[in-house]
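**Student:** Before we start, here is the structure in question, set down as structure tokens.
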Amino acid sequence: MQHKGFTLWLTGMSGAGKSTISDQIMARFREGGAKVELLDGDIVRTNLSQGLGFSREDRDINIRRIGFVAEMLSRNGVIAVVAAISPYRATRDEVKAKIGNFLEVFVDCPVEVLSQRDVKGLYKKALAGEVGNFTGISDPYEPPTNPDVTVRSDRETLDESVGKVWAELLRRGWVEGA
């Protein structure tokens, strides 16, 4: 697979399907022999942003750190796939401006569906006021105003969502072949 370095950034609320979609896309990239790295929000928080809380300032620091790593990878010919809630539009836009080759994918799903999918019961607790600073409930999630791709994980199959993202990568000429 021929490709240039770029960042594929999946944003959306907890449980929307960012990691599931990114895992499928990563498998496609790897099958094609692409140089690719996944920056998953939960994994980054554990390893790169350990100690940060969930205040707006800490969330912005976390997203800027992810953006910094993604930019370095992209600049060096690696595909950086980011799956992170990244709740604040201004911070996403700031990172996008620094990276350049950046595809923003909004993984959209209504809170009602997210609550039904929630195996950990976090939405139930957040809606009951038991969890503070929960994105989309007690803390804002600012959806992109003009994402490059929008997938509706409540209405589309996984294959349809991945297909939409892949079609945009092909259209831009960022990947070739399978």
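The values are calculated or read from the model by the stated rules, or taken from the named source; none is laboratory data. These figures come from a predicted structure and were not determined experimentally. Glycine also receives a Cβ, built like all others from the backbone with ideal geometry; neighbour counts cover every protein chain displayed.
**Student:** Output the number of the condition that G15 fails; it satisfies all remaining conditions of (1) in a loop (DSSP other than H, G, I, E, B); (2) touching a residue at least 60 places away in the same chain (Cβ under 8 Å); (3) more than 23 Å from V151 (Cβ to Cβ); (4) touching a helix residue (DSSP H, G or I) at 6+ places or on another chain (Cβ under 8 Å).
**Tutor:** Looking at each condition in turn, G15 falls short on (3).
**Student:** When region 136-178 is examined, which residues are found to be closer than 30 Å to R56 by Cβ and among the aliphatic types (A, V, I, L, M)?
**Tutor:** I137, V149, V151, V165, listed by residue number.
**Student:** Among the listed residues S49, S86, S74, S55, identify the single one that is of a type in the set (S, T, N, Q), out of contact with any Pro (no Cβ under 8 Å at 6 or more places or on another chain) and within 18 Å of P143 (Cβ to Cβ).
**Tutor:** Just one listed residue meets the conditions, S86.
**Student:** Next up: Within region 77-97, take every residue that is of a type outside the set (V, I, T) and touching a Lys or Arg at 6+ places or on another chain (Cβ under 9 Å) and give me the one that is farthest from N62 (Cα to Cα).
**Tutor:** G77
**Student:** Going residue by residue through region 30-40, is there one that turns out to be modelled with pLDDT of 95 or more, buried (at least 23 other Cβ atoms within 10 Å of the Cβ) and in contact with a helix residue (DSSP H, G or I) (Cβ under 6 Å, 6 or more places away or on another chain)?
**Tutor:** no
**Student:** May I ask you to say which residue of V151, V162, V131 is at pLDDT below 95 and either basic (K, R) or out of contact with any Pro (no Cβ under 9 Å at 6 or more places or on another chain) (or both)?
**Tutor:** From the options V151, V162, V131, the qualifying one is V131.
**Student:** Restricting the first residue to region 149-178 and requiring it to be over 17 Å from W9 (Cα atoms), which pairs with a second residue that is among the small types (G, A, S) and surrounded by 12 or more Cβ atoms within 10 Å (Cβ to Cβ) meet a Cβ separation below 6 Å and a spacing of at least six or different chains?
**Tutor:** Once the first residue is over 17 Å from W9 (Cα atoms) and sits in region 149-178, its partners that are among the small types (G, A, S) and surrounded by 12 or more Cβ atoms within 10 Å (Cβ to Cβ) give A178/G32.
**Student:** Moving on to the next point. If a residue has to be hydroxyl-bearing (S, T, Y), within 18 Å of V81 (Cα to Cα) and exposed (fewer than 14 other Cβ atoms within 10 Å of the Cβ) to count, how many in region 114-166 make the cut?
**Tutor:** 0
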